[in-house]
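Read the figures in this text as sums done on the coordinates, not as results from a lab. Just so you know, these numbers come straight off a predicted model, no measurement behind them. Positions of Cβ are generated from backbone atoms using ideal geometry, with glycine treated the same way; all protein chains shown enter the neighbour counts.
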Amino acid sequence: MVNATRSNAGGNFDNKVGAGSLAYDWSDSLTFKIGGEYRTYGFETFGLTRTKTSPTGADRLTGVDSIGRVVSIGDGVSAGAGSDLSFIVPDISKIADFLSFYDDPLVPNRSEREVDETDKGVFLQADFNTTVGGLVLRGNAGIRYAQTEVTAKGWQTIAVGTPPVTTYDYVTTDNDYDDVLPSFNLALEPRDDVVIRLGAAKVMSRPTLGDLTPGGSVSPTTRTVSYGNPLLDPFRATNYDFSVEWYFQNEGLLAAAVFYKDIDSFITSETVGIPYNQLGLPNELLQGAASPTDIFQVTRRLNGEGGALKGIEVQYQQPFTFLPGLWSNFGFTGNVTWVDSEVSYGTAGKNRLTGQSKNTANATLYYEDGPFQARVSVAHRSQYLLSFPGANGNSEEGVNDTTNVDASLSYEFTPNLTFSLEGINLTDAYTDRYVDVTNRVSDYRHTGREIAVGLRWKY
């Protein structure tokens, strides 16, 4: 028998925002602000499947009423004795007609998911700009109250009895949480060209809507399943920042900063191998592309237990106007960052924060001369973690060091017409993913160089 399936998927996204604020100038050096916002986000997806069964061997028949066709290799092709240069191949349109494929009703395949989120918040802030001991002191201090309400819907399975009988239920899960977020920022100017900054704030970042569905997404061809978690907490941390900035010439800057994050919670994922028939998901989601006994890599979203992150950043930029002639049109901008982190992944133990490289560096050499501009940029980041623990019993998964080189140039013929040329990943850098602390190769690939030519006209 030949089983044919086809799935249709769809969905929509909704976003509404309302916000407002008032400001009152108490004096020339002090301003009070109060405001609030109301936001709603929502998305829903659905999937439908057609299934049809055809008679045995129908895909191999040829002739006027068959669902196959004969193709031949073109003229001028030589082959050895007994070789056949004609082959039977499926005729997709005839197969669809033979199966009455598009006449069958679409059947829901229990892939529907929906998330609605409502965010409400109010804030009170004071901005000041004054002098202390003859030094300019400016900044702000304030507090924000944020309330989040989430309603997530998706299919769940229920197994009852011995042997268990599986049924399906479209469940709704509600979650809500509140955050009080104080913050302050100070900027002291001991000289006209020097700024010392100090800041502290409690911050939060909500999970993405796709991470919040109680259901999951299934990919039979890649043997992967991704589950959501409607009870995820947001990323929460307390940030402390200190920096010194020296503006030594026009467009020239040398700055150094130190920062520390006390992380209360963060969002991460774990990946484990589980037979599909132990997940409690309906077999029709496989669409004939996999067996219920196949091992699927199941990725689940969860909250880590917190930890700490600390780092140092140095930034430098300067146009080379001190050089003679043509060289004065060049300039440079760059930064180097060092970060160290350790967070708890619960029973999995402690490790660095996912997505966080220990060392990053960016550098750009540019040239600007009237209508002509050009620049070459290099971006480097050291090894970083993707998941902990990793899939297939590996201790972790991550990406090794990457270095990318990009370049661009443009010429403005007139104020209305500009030509541009851009090159991305000029060295054809590879993505080198690894598994386990032994740094075994997991995936090694490249996408090649990208060259884009543009002509922009403004009316």
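Observations
- Pairs over the 21 Å Cα-Cα cut-off, from the set LYS33/LYS310; LYS120/LYS261; LYS261/LYS358; LYS202/LYS261; LYS16/LYS458; LYS33/LYS120: LYS33/LYS310; LYS120/LYS261; LYS16/LYS458.
- For GLN356, residues with placed amide H under 5 Å, excluding near neighbours: LEU385
- Nonlocal amide H pairs with SER111, under 5 Å, H built at 1.01 Å: GLY47
- Around the Cα centre of segment 306-459, unit charges on the Cβ atoms of Lys, Arg, Asp and Glu (plus for the first two, minus for the last two) sum to a dipole of about 160 debye.
- Positive-end residue, segment 399-452 charge dipole about Cα centroid, Cβ charges, pick of PHE413, THR403, GLY448: GLY448
- Inter-probe distance in nm under a simple model that places probes 7 Å from Cα toward Cβ, at ARG69 and VAL258: 7.3
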